[in-house]
Amino acid sequence: MFVSIFGAVESGIIYALMALGVYITFRVLDFPDLTVDGSFVTGAAVAAVMIVNGQSPLTATITAVAAGFIAGCVTGLLHTKGKINPLLSGILMMIALYSINLRIMGQSNIPLLNESTVFTPVVSLWESLNLSAPFHAIIAWLGIESSPRTWAVIFFALIITLIIKFVTDYFLKTEVGLALRATGDNKKMIRSFSANTDILIIVGVGISNAFVALSGALIAQHGGFADAGMGIGMIIIGLASVIIGEALFGTKSIARTTLAVIGGAIIYRIVVSMALRVDFLETGDMKLITAIIVVAALVTPKLLDAQREKRRRLRKRKEIATMAGK
Amino acid sequence: MLELNHISLTFNEGTMDEKKALQHVDLQLGHGDFLTVIGSNGAGKSTLMNVISGSLLPDTGDVVIDDKQVTHLQEYQRSQLIGRVFQDPMAGTAPSMTIEENLAMAFARNKKRGLKPGVNKKRKTLFKEHLETLNLGLEDRLTAKVGLLSGGERQALSLLMATFTEPNILLLDEHTAALDPSRAELITDITADIVDKFQLTTLMVTHNMQQALDLGNRLIMMDKGQIILDVEGQEKEALTIEKLLDEFQHIRGEKMANDKAVLG
């Protein structure tokens with residue numbers, strides 16, 4: 001039980017990078033970008049191929065990020081210069097990337113089990129300093145028998161995700177960042193203040209997909225393989241993370257919202273890992289579970305609001321009735 | 001300052017819906033001129049604004065601002081030189097962003113946007129000073145979301161945002177039309193103050209004849225895509241609504257719809 005939740009949090013933190021990317025397009029730019037399903041795999045594929053061919057994992061990961069950025073820029077170009085509807089631009093790019101990803105990989109699956117990854121040096125340094133020991137001790141003290149293998153990955157992933165979060169927070173408050181947000185809020189207005197909305201959309205969707213590709217590259221290295229099908233439904237997972245996070249943790253400021261998105265990604269993973277422990281559910285049911293979670297996260301807040309409003313009106317009516325009674 | 005040479009623009013050319021929105025329009029404005037533009041619906045006033053701002057390209061003719069040929073510059077490039085306030089109070093500001101962030105975006109209009117924070121201490125002080133001139137108490141609400149402001153407050157903010165970086169040209173497109181009479185008057189007053197303070201070269205489209213007579217030093221009347229009347233200086237000061245309507249009848253040989261709702 002603990003180990004499976006631990007695993008869920010660990011991968012949730014890495015998927016949070018993808019969710020931050022989705023947040024930038026869906027919320028900041030108001031651009032429903034479906035490229036994600038493809039660019040996630042692009043990140044994984046580029047990293048895997050380069051690692052297998054002997055490149056350093058760091059170079060491989062950085063190249064994967066660049067590939068994701070380019071993929072996003074192409075989607076942005078299709079929309080702004082090709083005047084194609086945003087949804088369709090994303091779908092077209094997603095389909096195109098499926099083939100491109102297969103070309104990059106040369107096969108539909110690349111195993112990375114015996115390769116060294118970005119995590120390898122971190123884990124070996126961590127373990128040589130025996131940093132997991134105190135955590136193992138706490139776990140044992142709490143009376144939980146099985147302890148995860150290493151705590152290095154979760155902390156390393158957390159640091160990367162937090163760095164990306166803080167960079168995003170800062171960027172969205174810069175002059176360019178403000179213009180980017182205004183592009184999603186009121187295009188006509190920001191254009192009248194000399195901002196080139198086309199470029200902002202292209203770069204914005206690019207940055208978003210760079211984050212997504214980084215997430216894909218890290219998931220592949222963490223999970224030990226890249227697969228052509230690993231991105232299917234990724235956009236819905238990203239959306240689920242954004243929506244769950246916003247509903248649970250609020251959207252008061254940008255820093256709060258990005259933190260909420262990370263929290264949402266982790267909670268989504270925990271919910272899925274819990275659901276998979278239910279006996280009659282199988283791995284194949286994952287996408288159905290995801291869809292149900294997203295629907296629930298979308299509908300529940302509205303239902304709660306409606307209920308609250310109903311009760312408020314009822315109370316008002318009663319007040320008036322009692323006043324009239326006197 | 002602003003020169004329009006032989007501007008023509010036809011919509012849907014060669015179809016049943018063909019509309020000559022502008023026909024050989026010539027217009028010269030000097031530095032600090034404040035021009036009011038009147039005319040009935042479909043006369044070409046808004047098209048004229050859009051051609052100047054660059055959201056529409058003319059079929060023929062050119063637009064020159066400060067001796068700079070801008071006819072083929074994109075809207076976002078031209079807006080370095082042009083401040084603009086729209087009719088819809090929602091159009092000129094970003095609702096989900098704060099007052100200071102909106103001002104920061106307006107502040108960057110004639111500068112290159114970089115990776116420095118948009119709002120800093122120094123700019124905050126500057127924004128506060130400018131907001132104080134509006135007398136709406138907005139200087140104490142710098143971090144409030146603009147979407148929470150009323151229509152009048154938003155329009156006042158839009159006006160400030162369009163002007164405080166002193167654009168070469170200010171375009172006001174029926175910017176008081178969507179407000180109630182008292183708010184409209186407030187915005188009209190602020191407009192007069194700001195234009196006077198910065199000595200801005202201004203074009204204001206309005207359906208309110210009284211407003212067109214009260215503000216500015218020059219007035220043009222448009223009809224069917226042409227400028228049919230152009231008065232300035234003392235001649236303009238002597239004008240009244242009746243004279244304007246008579247003038248229209250005299251030029252066009254037909255009565256202008258003297259609908260109070262439309263013409264005020």
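Of everything in the stretch A:180-196, what is over 19 Å from B:Val85 (Cβ atoms) and without any contact (Cβ under 8 Å) to a residue 60 or more places away in the chain? Give them in sequence order. So that I can check it myself, show each step before the final result.
If we filter the stretch A:180-196 for residues that are over 19 Å from B:Val85 (Cβ atoms), which is where we start, we get A:180-181, A:183-184, A:196.
Within the stretch A:180-196, just A:Asn196 meets the criteria.
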Quick test for you: out of A:Ile159, A:Ile110, A:Ile164, pick the one residue that is more than 14 Å from every other protein chain (Cβ to nearest Cβ) and closer than 30 Å to B:Gly147 by Cα. A:Ile164
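Table: residues versus (1) buried (at least 17 other Cβ atoms within 10 Å of the Cβ); (2) closer than 15 Å to A:Ile24 by Cα.
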{"site": "A:Ala210", "(1), (2)": "yes, yes"}
{"site": "A:Ser253", "(1), (2)": "no, yes"}
{"site": "A:Ala260", "(1), (2)": "yes, yes"}
{"site": "A:Leu276", "(1), (2)": "no, no"}
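Does B:Pro58 count as surrounded by 15 or more Cβ atoms within 10 Å (Cβ to Cβ), in a loop (DSSP other than H, G, I, E, B) and away from chain A (no Cβ under 14 Å)?
Taking the combined requirement at face value, the residue satisfies it.
What number of residues in the stretch A:178-196 are more than 7 Å from every other protein chain (Cβ to nearest Cβ) and within 15 Å of B:Ala108 (Cβ to Cβ)? Show your work before the answer.
If we filter the stretch A:178-196 for residues that are more than 7 Å from every other protein chain (Cβ to nearest Cβ), which is where we start, we get A:180, A:183-184, A:187.
Still in the list and also within 15 Å of B:Ala108 (Cβ to Cβ): A:180, A:183.
Summing the residues that are more than 7 Å from every other protein chain (Cβ to nearest Cβ) and within 15 Å of B:Ala108 (Cβ to Cβ) in the stretch A:178-196 gives 2.
Yes/no per residue for (1) within 14 Å of chain A (Cβ to nearest Cβ); (2) among the aromatic types (Phe, Trp, Tyr); (3) touching a His at 6+ places or on another chain (Cβ under 8 Å):
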| position | (1), (2), (3) |
| --- | --- |
| B:Met1 | no, no, yes |
| B:Gln28 | no, no, no |
| B:Ser40 | no, no, no |
| B:Ile65 | yes, no, no |
Inspect all residues belonging to the stretch B:70-77 and state whether any of them is more than 14 Å from A:Met189 (Cα to Cα) and either assigned to a helix (DSSP H, G or I) or more than 14 Å from every other protein chain (Cβ to nearest Cβ) (or both). yes
Can you name the condition, by its number, that A:Asp227 falls short on among (1) surrounded by fewer than 24 Cβ atoms within 10 Å (Cβ to Cβ); (2) within 22 Å of A:Glu127 (Cβ to Cβ)? (2)
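Select the helices (runs of 4 or more DSSP H) contained entirely in the stretch B:84-187, then report the ones holding at least 2 residues which are touching a residue at least 12 places away in the same chain (Cβ under 8 Å) and facing chain A (nearest Cβ under 10 Å).
Details: elements: B:99-107, B:121-132, B:151-163.
By residue number, B:99-107, B:151-163.
So is B:Leu103 within 15 Å of the chain's Cα centre (by Cα) and within 22 Å of A:Ala179 (Cβ to Cβ) or not?
Working: within 15 Å of the chain's Cα centre (by Cα): no; within 22 Å of A:Ala179 (Cβ to Cβ): yes.
Judged against the criteria, B:Leu103 is not a match.
This table checks each residue for (1) more than 26 Å from B:Ile82 (Cβ to Cβ); (2) modelled with pLDDT of 90 or more; (3) in contact with a helix residue (DSSP H, G or I) (Cβ under 9 Å, 6 or more places away or on another chain); (4) not in a helix (DSSP H, G or I).
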residue	(1), (2), (3), (4)
B:Ala212	no, yes, yes, no
B:Leu245	yes, no, yes, no
B:Gln249	yes, no, no, no
B:Asn258	yes, no, yes, yes
B:Ala261	yes, no, no, no
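The values are calculated or read from the model by the stated rules, or taken from the named source; none is laboratory data. In this text, all values refer to a predicted model and were calculated from it rather than measured experimentally. Here Cβ is always computed from backbone atoms with ideal geometry, including for glycine, and neighbour counts include all displayed protein chains.
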